[in-house]
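The values are calculated or read from the model by the stated rules, or taken from the named source; none is laboratory data. Just so it is clear, the model here is predicted, and its values are computed rather than measured. Because the Cβ atoms are built from the backbone with ideal geometry, glycine has one as well, and the counts that use them run over all protein chains shown.
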Amino acid sequence: MYRYLLKDGPVDRLKEKLKTIILILCWVRRLEGYILSFRRGQNKYYPGQVLIDIKDIRYSDAYKVIGKKVVWIHPVTGEKFVGRIVRMHGRKGKVIAYFDHHLPGQAVGGKVIVS
């Protein structure tokens, strides 16, 4: 009966604010992943190219992260290694990232931030 009076009330304004806050948080959210291994062939490996498994990313969503920046931080020195995701790998949602500088062996199994 009095529903039209509550349409622009404080509850509706609060709901709209919450929607915008959630939208901003989803936009700012950074994805995390793990370095599985260096990209390699039968006789050679490429220390500047790594396979990454990103949490909550499946094969159907993996194309959305192509072109994004990847950062791995050395656990001892704190040095940042920055790379880019260039393509998908296989049908399980894994991706390949190229780094400007070669990664050390300690990077395998380490956490990366995708932004």
Requested in this report: Can you run down the residue pairs with Cβ atoms below 6 Å, 6 or more apart or on separate chains, where the first is in the range 88-104 and in a loop (DSSP other than H, G, I, E, B) and the partner is of a type in the set (D, E, K, R)?
Outcome: Gly93/Arg58
Query - Selection count, the range 76-91, where residues are among the basic types (Lys, Arg) and within 14 Å of Tyr63 (Cβ to Cβ) - result: 2
Query raised in the report: Mind checking which residues of the range 14-51 are in a loop (DSSP other than H, G, I, E, B) and either surrounded by 12 or more Cβ atoms within 10 Å (Cβ to Cβ) or modelled with pLDDT under 90 (or both)?
Result: Arg29, Arg30
Requested in this report: Scan the range 88-113 residue by residue and report those that are within 12 Å of Gly67 (Cα to Cα) and out of contact with any Gly (no Cβ under 6 Å at 6 or more places or on another chain).
Outcome: Met88, Val95, Ile96
Requested in this report: Could you tell me whether the range 52-70 includes any residue that is in a strand (DSSP E or B) and over 11 Å from the mean Cα position of the chain (by Cα)?
Outcome: no
Query raised in the report: In the range 74-86, what count of residues is obtained for those that are within 14 Å of Lys111 (Cα to Cα) and surrounded by 14 or more Cβ atoms within 10 Å (Cβ to Cβ)?
Result: 3
Requested in this report: Give just the number: which of (1) more than 13 Å from Ile35 (Cα to Cα); (2) at pLDDT 90 or above does Arg58 not satisfy?
Outcome: (2)
